[in-house]
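Take a look at the structure set out below.
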Amino acid sequence: MRKVHAEAQSVDDVRSGLERASADAKCLRSEMVWVYRLIQHRKNMGPAKKREDIGYWWKRSGRAFEEDHALLSDTLLGAGVVHAGQGYHMRVRTEILFFADRMAKWSSLERNNRESLLESPWDFASWLDDTEFAQGSMFRHAMLFLLFPEKFEPIVSGGHKKKIIRLGDTHAGDDDRPRVAIDKSILDIRRALEAVSDDREVHFYHPPYREFWDDEKADSWFRDRFGNRDWWLMNMNVSGERMWPGVVEDGIASIGWDNVSDLRRSSDEIKQDLVGRGFGENPSNRVRFLRDFANGMEVGDLVIATRKGGSYLLGWGRITGEYRYDPGASGFRVHTRAVEWHPCKQEMPLQPYWGGDWAKKRLTGFSRYRHWARLYLWLIGHPVPLPNGEGAHPESDGYTSTEACKDLFIPCRDFERFLHLMRTRRNLILQGPPGTGKTFMAHRIAWCLIERKDSAPIEMVQFHQSYAYEDFVQGYRPTESGGFKLRDGVFHRFCERARRDPEIPHVFIIDEINRGNLSRIFGELLMLIEADKRSEEYAVSLTYADPSDERFYIPDNVYILGMMNTADRSLALVDYALRRRFAFATLNPAYGTEHGKKAFRDFLEGQGVTGELVTRIIERMAELNEEIANDPELGRGFRVGHSYFVPTDKDATRDETWYQAVVDTQIEPLLAEYWFDSQEKIDSALDRLKENSKPNDGG
């Protein structure tokens with residue numbers, strides 16, 4: 001495939017090369033096109049056109065093309081989120097060449113190297129960029145979003161990404177920083193926006209967020225509301241004095257500099273005045289902003305106020321009066337203009353993401369930074385607590401994250417991050433090796449959302465290969481009389497319960513979520529689980545519903561929490577529909593991190609396990625996990641979690657007998673499944689676990 005595309009000079013050359021290629025090569029080309037088209041929004045290319053494009057070379061291979069295959073359904077092919085533009089259509093030949101080059105390189109990597117890359121999105125991105133064909137590639141961005149939607153954006157334009165990172169650094173879009181660094185900056189910006197946004201998910205192509213980086217959109221927004229008035233940014237602190245409360249109360253803007261006389265004088269006169277006061281031989285910047293305050297600003301212009309070098313946003317206002325000089329006034333009231341202010345309810349901290357070099361100046365013409373002005377106006381409407389905690393909401397008296405973090409063996413900041421993902425994305429998947437406490441953590445996340453230990457707003461099911469739409473949403477079921485009756489499924493009933501109690505979060509937990517076919521289980525509801533589709537506005541008619549039935553929607557207080565075992569041998573490539581709609585959080589065995597080892601030790605010793613036995617458990621399980629992770633047939637996803645060694649109330653003792661029982665009844669069967677074709681490996685691992693271990697004789 002790579003050879004066909006590399007030697008081609010035109011689309012006709014590609015077509016000619018593929019005509020001569022093997023059936024396998026033709027089918028491979030179709031599969032690559034399937035991935036390439038997956039991300040495109042249906043308005044750019046509808047499902048039928050995508051199927052036609054995907055099937056073109058498959059049909060020419062001589063093999064049957066199953067158009068009704070789940071991976072070719074309207075639901076899946078219509079789930080694309082990127083308006084890719086004409087460039088994406090025109091670059092198919094070069095993008096497939098890039099794709100083929102990377103996949104050929106991928107197939108040459110050792111399994112543990114591939115798994116390591118897939119566990120580190122940034123390392124994978126750097127590896128993806130390590131080819132001459134990556135230069136200018138749009139599919140590079142699409143592939144990263146498909147694999148890691150929680151880290152990368154549904155944006156295929158490198159130019160747009162460079163514009164977005166100006167929100168974190170006014171000069172960022174002008175340099176040649178690596179693309180991975182750009183992606184990291186965008187993730188930081190998105191998280192900062194999510195922290196102050198009412199939306200569950202920030203999308204840089206949706207309003208108002210596009211207006212923060214797209215100059216044309218920002219200009220249009222301002223013209224519609226303010227005409228062509230100029231914008232100014234003022235830094236409202238003078239020699240450490242916080243004058244903001246005073247200027248708001250008086251309805252004025254002040255430039256300070258009360259020891260300088262009338263600012264309507266010429267530039268040369270003001271310059272000589274400043275030079276005489278010891279401000280250097282050429283205080284041109286100071287002359288400029290003093291003159292701008294008196295002569296540049298006009299009635300009707302708009303002002304955004306900050307303080308402390310642009311570190312805090314105070315509010316915005318409209319200039320309603322001409323410059324006024326009052327030499328007899330006190331303090332900051334000497335040089336003023338009348339202003340109608342709209343202050344923030346509380347000061348907005350701007351650093352580190354929203355400040356620019358210009359914010360440190362006393363007065364800056366801001367019309368050229370209208371996308372920044374748009375962001376600032378939006379922030380004024382979204383106050384957040386100050387860094388010192390002022391204005392923060394009091395913590396609930398119920399179940400809190402502090403209580404939830406007990407016995408989780410992960411840093412509390414990680415749990416807070418998982419909780420934030422759940423609150424903002426509405427859908428979260430906890431993934432990890434067996435025994436890493438996914439179910440234990442899932443309930444604690446749910447209780448934190450509900451703010452109390454309460455099982456009533458929680459439902460839990462387990463997916464499997466036979467699980468269907470009829471079980472989950474709605475379907476006909478046999479009756480005792482021999483007929484069939486339409487019955488609601490478990491998720492349908494759960495949503496009805498949530499709708500009756502809209503003030504309480506309801507959490508739907510799905511174990512083994514990867515084992516089910518999501519497209520078939522959710523059906524038309526697959527779209528509705530997206531965070532921005534949780535309202536009656538997106539209600540749909542269900543498959544089996546009567547036309548007269550009320551349309552169905554998922555209420556806003558429903559959260560979906562999935563769990564996925566990474567050691568599941570039946571786990572194929574996770575459905576794109578799943579990755580696009582869920583955030584992912586990975587849990588690891590406690591033996592593998594310093595925090596985990598200490599927390600696990602403290603827990604076990606608190607349960608009566610001796611320090612010597614705890615050390616042996618941690619060290620030997622860490623060694624076993626290292627062997628499993630380095631096994632080319634297994635990998636990190638098959639490591640053994642700590643939960644196997646968490647004592648239960650049924651464990652009368654926590655001694656050598658208990659330890660050996662865990663190894664014999666839980667660890668050994670797991671290893672037998674892993675190394676089913678190598679009894680020697682199983683015996684060796686068990687011998688190392690039991691070395692110097694003698695069960696108590698009860699005497």
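The values are calculated or read from the model by the stated rules, or taken from the named source; none is laboratory data. Predicted model only: the values in this text are computed from it and were never measured. Because the Cβ atoms are built from the backbone with ideal geometry, glycine has one as well, and the counts that use them run over all protein chains shown.
Please name all residue pairs, on different chains or six or more residues apart, with Cβ atoms under 6 Å, provided the first residue is in the stretch 202-227 and is closer than 10 Å to residue 370 by Cβ and of a type in the set (Ser, Thr, Tyr) and the second residue is surrounded by 20 or more Cβ atoms within 10 Å (Cβ to Cβ) and at pLDDT 85 or above. The qualifying pairs do not exist here. In the set (1) at pLDDT below 90; (2) of a type in the set (A, V, I, L, M, F, W, C); (3) more than 16 Å from residue 610 (Cα to Cα), the condition left unmet by residue 652 is number (3).
For the stretch 137-177, name all the residues that are modelled with pLDDT of 90 or more and part of a loop (DSSP other than H, G, I, E, B). Of everything in the stretch 137-177, those that are modelled with pLDDT of 90 or more and part of a loop (DSSP other than H, G, I, E, B) turn out to be 137, 138, 148, 151, 152, 153, 154, 155, 156, 157. Would it be correct to say that residue 529 is free of Cβ contacts under 8 Å to residues at least 60 places away in the same chain, in the same structural domain as residue 430 (by TED's automatic domain parsing) and not basic (Lys, Arg)? In short, no. Across the stretch 216-239, a minimum of one residue is classified as touching a helix residue (DSSP H, G or I) at 6+ places or on another chain (Cβ under 6 Å), more than 30 Å from residue 88 (Cα to Cα), at pLDDT 85 or above and surrounded by 19 or more Cβ atoms within 10 Å (Cβ to Cβ). The criterion of at least 2 residues that are closer than 30 Å to residue 197 by Cβ is met by the following helices (runs of 4 or more DSSP H) wholly inside the stretch 438-546: 438-450, 490-500, 518-522, 525-528. Residues in the stretch 393-403 include at least one that is in a helix (DSSP H, G or I), over 30 Å from residue 673 (Cα atoms), under 24 Å from the mean Cα position of the chain (by Cα) and modelled with pLDDT under 90. Are any of the residues in the stretch 493-503 surrounded by 21 or more Cβ atoms within 10 Å (Cβ to Cβ), in contact with a Ser or Thr (Cβ under 9 Å, 6 or more places away or on another chain) and closer than 27 Å to residue 585 by Cα? Scanning the stretch 493-503 turns up no residue that is surrounded by 21 or more Cβ atoms within 10 Å (Cβ to Cβ), in contact with a Ser or Thr (Cβ under 9 Å, 6 or more places away or on another chain) and closer than 27 Å to residue 585 by Cα. The set of residues from the stretch 276-307 being of a type in the set (Val, Ile, Thr) and assigned to a helix (DSSP H, G or I) comprises just one member, 287.
Meeting the requirement of 3 or more residues that are farther than 24 Å from residue 405 by Cβ, the helices (runs of 4 or more DSSP H) wholly within the stretch 587-683 are 611-630, 656-662, 668-674.
Being under 13 Å from residue 164 (Cα atoms), in contact with a helix residue (DSSP H, G or I) (Cβ under 8 Å, 6 or more places away or on another chain), in a helix (DSSP H, G or I) and aliphatic (A, V, I, L, M) is not true of residue 270. Does residue 619 satisfy the criteria of being surrounded by fewer than 20 Cβ atoms within 10 Å (Cβ to Cβ), free of Cβ contacts under 8 Å to residues at least 40 places away in the same chain and either hydroxyl-bearing (Ser, Thr, Tyr) or under 30 Å from residue 40 (Cβ atoms) (or both)? Taking the combined requirement at face value, the residue does not satisfy it.
Of all the listed residues (542, 525, 604), the sole one being of a type in the set (A, V, I, L, M), farther than 23 Å from residue 79 by Cα and either at pLDDT 90 or above or under 25 Å from the mean Cα position of the chain (by Cα) (or both) is 604.
Scanning the stretch 547-556 for residues that are part of a loop (DSSP other than H, G, I, E, B) and out of contact with any Asp or Glu (no Cβ under 7 Å at 6 or more places or on another chain) yields 547, 548, 549, 550, 551, 554, 555, 556. Taken over the stretch 638-655, the residue count meeting the criterion of being of a type outside the set (A, V, I, L, M) and crowded, with 21+ Cβ neighbours inside 10 Å is 5. The residues listed here are 633, 605, 680; of these, the one that is among the charged types (D, E, K, R) and touching a residue at least 12 places away in the same chain (Cβ under 8 Å) is 633. Scanning the stretch 421-434 for residues that are surrounded by fewer than 23 Cβ atoms within 10 Å (Cβ to Cβ) and part of a loop (DSSP other than H, G, I, E, B) yields a total of 1. Of all residues in the stretch 96-108, those that are more than 22 Å from residue 135 (Cβ to Cβ) and of a type outside the set (S, T, N, Q) total 0.
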